[in-house]
Structure formats: C-alpha cells, structure tokens
Amino acid sequence: MRQNKKEDRSYLMGVALVILGGIFLLGNFGLIPEEIHNLAFNWKGIIFVIGILSISTKSNKYPGAIMICLALYFIFGEYLWQEFRINIGLSQILWPGILIGTGIILLNKRKIEFKRQSSGHSFDYLNDANILGGGEVKVRSDQFKGGQVTAIFGGSSYDLSGSRLANGQHTLEVFALFGGFTFVLPTDWEIHLETTAIFGGVTDKRKFTKRTESGTGNTLHIKGFVLFGGGEIKNY
C-alpha cells in the first residue's frame, strides 16, 4: 500500500512537470496568452500546484486545501483589482476564514475523540488541537499508534518518552499554521520525518538514537504541513 502511494505521488509529480514544461515551451513561442504563462511560473501558481498534489496524495487534506485557498485568494484578488479596481483586503477574509477553519477542525476532532472513546484505546492515539493557546502534554501508552496534532496560533510540547510504539507502521499527522509543536520521543523509536514546510520548518534535534532490531518494522511516520510555523523532535 505504501509503495502504491509513492508511485501515485511520483506519477502526479510527473504529470505536473509535463504540464508546466508544456506551458513553458508554448509560452516561449507565443502560442499561449502571457497571463497563463505568468500565472504558472510565479509563487501563486506554485502554491496552487503544491496544494493540488497535497490533496491528491496525502490523507490529511487540510494543508492542501489551505494552500489552494490562499493561492486562489491572491489570484482572484489581483484579477479583481486589475480589471475592476476592486480591492479585497486580507483582513476582510482572514479572521472569518480562521474562524470557519477552526470550527471545521474542532468538529473533526470531536468525531475522532468519539471513535477513540468507543474503541477503548484513548491513550494509544494522540489527538490534540491548540488554537490561540497550548501547554505541555505527557503521553503514556504501551501501544502508541500515532494520531493527529493541530497548532493554529499556538502550540504544545508532547512528552512520549515513557511510551512504547505498537507493532507495525503508524502515522502521526501534524499541521501548524502560525504555530508549532515539540515531540519528546524515546531513543529506540524509528522515526521517518515526512513534512512539508513553507516559511517554516520541522527539525530533528534528537541527540542520540538506539539502533532497533532489524526486521521489526515498527516505525512512526510524522507527516504533515507547516506554514509560518515550526516543529521539533528531540529526546533526552
């Protein structure tokens, strides 16, 4: 399954590159409008393409949706100003957008919490949202299986140093918008960091790690998106 996802991602990247290359070539010969050429090769078009790829290949659709919305806002905002002299300020949609997005995230968090309580594994999954706040969270589990962490204008530190990773492949989805997160992990966990960051970053600051037994296949994949934020992974 994981190999199929990698192949799908590579296929979509190939399609995107072919389309961009075709636009580039046709633009050089003046066969397409200059507006299309300029749109494809500026930061707004790049963010839009990254958003499409993110939605198509990742289980967490929020990062891709946010990138597409941001790109469309700036694209249509520029068009309305140039054609009709209508100025849509960022402040007019920023706070309503944040409120709507926050509500959607909280509704999704409640559904996940209900599933966790019904299944009886409330400590095996980490599901936390920090909006305009944060704190320190200690997680203790003998069968940790991943989860989802969201930070919007806030963030928290998660101490999993006393937990054990369950058998198999597990995913911890992260999303940070003007926020951040810190994970304190055991030294013997195998971690694969697979995040996308724009105007931010996620750093692995673990001082030392213990080599796990070969063939166990127990891995925690940390995936997600960071925009104007950051994250850290460390141990003691």
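The values are calculated or read from the model by the stated rules, or taken from the named source; none is laboratory data. Predicted, not measured: the structure shown is a model, and the values here were computed from it. A quick note on method: Cβ atoms are made from the backbone with ideal geometry, for glycine too, and the neighbour counts reach across all protein chains shown.
If I filter the range 182-190 for residues that are buried (at least 21 other Cβ atoms within 10 Å of the Cβ), at pLDDT 90 or above, in the same structural domain as L227 (by TED's automatic domain parsing) and closer than 18 Å to G231 by Cα, do I get at least one hit?
There is at least one residue in the range 182-190 that is buried (at least 21 other Cβ atoms within 10 Å of the Cβ), at pLDDT 90 or above, in the same structural domain as L227 (by TED's automatic domain parsing) and closer than 18 Å to G231 by Cα.
Do you know which of the residues in the range 136-155 that are of a type in the set (G, A, S) and within 21 Å of the chain's Cα centre (by Cα) is farthest from G180 (Cα to Cα)?
Here the answer is G146.
Can you go through V137, V149, V226, V202 and tell me which one is free of Cβ contacts under 8 Å to residues at least 24 places away in the same chain and of a type outside the set (K, R)?
Of V137, V149, V226, V202, the one residue that is free of Cβ contacts under 8 Å to residues at least 24 places away in the same chain and of a type outside the set (K, R) is V137.
Quick one: F84 ticks every box in (1) surrounded by 12 or more Cβ atoms within 10 Å (Cβ to Cβ); (2) modelled with pLDDT of 65 or more bar one, so which box is it?
The number of the failed condition is (1).
Is the range 161-172 home to any residue that is in contact with an Asp or Glu (Cβ under 6 Å, 6 or more places away or on another chain), without any contact (Cβ under 8 Å) to a residue 24 or more places away in the chain and either more than 26 Å from G97 (Cα to Cα) or part of a strand (DSSP E or B) (or both)?
yes
For the range 21-40, enumerate the residues that are surrounded by 12 or more Cβ atoms within 10 Å (Cβ to Cβ) and either under 22 Å from the mean Cα position of the chain (by Cα) or at pLDDT below 75 (or both).
Selection gives I36, H37, N38, L39, A40.
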